[in-house]
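The values are calculated or read from the model by the stated rules, or taken from the named source; none is laboratory data. This structure is a prediction, so every number in the text was calculated from the model and none was measured. Positions of Cβ are backbone-derived with ideal geometry, glycine not excepted, and every protein chain shown enters the neighbour counts. These area figures cover heavy atoms from the full protein model, side chains too; ligands, DNA and RNA do not enter into them. Shrake-Rupley method; radii C 1.70, N 1.55, O 1.52, S 1.80 Å.
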Amino acid sequence: MTLFPPALCPRLIVKVGSALLVAPDGAVRRDWLTTLVTDIAARIAGGQQVAVVSSGAIALGARRLGLAKGGRASLEDAQAAAATGQIALSQTWAELLGNHGLTAAQMLVTLDDLEDRRRYLNAAATLGRLLGLGVVPIINENDSVATEEIRFGDNDRLAARVAQAAGAQGVVLLSDVDGLYDANPHTNPQAQHIARVERIDAVAGMADAGSASGMGSGGMVSKVAAARIATGAGAHLAIASGRMDHPLGGDPRHTLFVAERSASARKAWLAGGLTARGRIHVDAGAAQALRAGGSLLAAGATRVEGGFARGDLVSVEGPAGTIARGLCEYDSAEAGKLLGTRSDEQAAILGYAPRAALVHRSHLALV
């Protein structure tokens, strides 16, 4: 059986990890990549639209520039390696896809491109048009300008956000691991492979942050975080082994994270946001009200962290952790003044008629 067949998954996002695409000496694993491109071409011929999130630019550029530590010795080295390697990476994809009569398009994005609502919608429109034209978008984080503070940091979460923007039904994270285990299989030979995950919260503690190859930037933690974003947007996600030829030609060993009931596009974007400008802490009663579908009222808020403006994305923190993300109706200073107050007290505090809530339920998504 084929993983995510075209009939059940009209639009698919495939993420290719650095360890699969680039050999330890920094050269492209061209023979393997040729088999993957053959699989992609077959899927497109069968009616599936495919976009690729491709790692490998830093590793390729580091080899060409002779940089130590795979180009990751410093931020400046990583940016220089990315700028150099991205040309080689895009040329390779374009050539191999062209051998099948397919056109490749390059899309380089930053975290802000998918966190800012207007830019996110622009990226989504571009993706949709390219896929509709039968083009294969090759997407990567723009590491030549990304900084440590404002970046995805791994292509797993980027792939999930791309799937959300593209309205994809499936995401495959091709990796040097074949899925999630109940313990680290490299240190525990008794670790059991998990084939299917219905609830991410039940398995989140099983992941660690290590990259098996040492070449990529993601570990299992980033993959589980990607699964949370993708499934929350209504897309299934599979962590699958790419350690064989034609990894998309059949049913490679994998862990499938089952999609949740699809939220509205806006709420899925809110829930998948990675760069909240601040935090609003709430008591247990407010947390319960939010889970029941209510707005965040000032009466249940206990503490504000960070500096944010009205309309910024904030995370809502309950006694047990993050509950929701939403767009705040007040700036941080005003929100701080309103903590624990009832609506009939707020006009005197602010000097104007208060808004209905700190975060209205229309602009809030549970996570």
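Structural remarks
- Modelled this way, with points 7 Å down the Cα-to-C-beta line, the labels at Ala333 and Ala204 are 3.4 nm from one another.
- Tyr181 accessible area, 1.4 Å probe, all protein chains in place, Å² to nearest 10: 40
- Under 16 Å from the Cα of Lys69 - aspartates and glutamates, other chains or at least 8 residues apart: Asp25, Asp77
- Cut-off of 10 Å, at most 11 other beta carbons, DSSP loop: longest stretch of the chain lacking such trypsin sites (Lys or Arg not before Pro): 1-198
- Partner aspartates and glutamates for Lys337 [C-alpha distance under 13 Å; skip if fewer than 8 residues away on the same chain]: Glu305, Glu345
- Share, in percent, of DSSP beta bridges within the chain that are antiparallel, nearest 5: 40
- Amide H within-cut-off set for Gln106, under 5 Å, with H built and near neighbours excluded: Ile138
- Per-pair calculated FRET efficiency, R0 = 41 Å: Gln192 and Ala125 via Cβ, rounded to 0.05: 0.40
- Distance cut-off 31 Å, percentage of C-alpha pairs in the chain lying past it: 38
- Prolate/oblate/rounded call for segment 230-367, Cα gyration tensor, a/c under 1.5 rounded: prolate
- Loop-exposed GluC sites (Glu not before Pro) per DSSP, neighbour cap 14 Cβ within 10 angstrom, longest uninterrupted part of the chain: 199-367
- Only Cα pairs under 8 Å and 6+ residues apart enter the sum, and on that basis the relative contact order of the chain stands at 15 percent.
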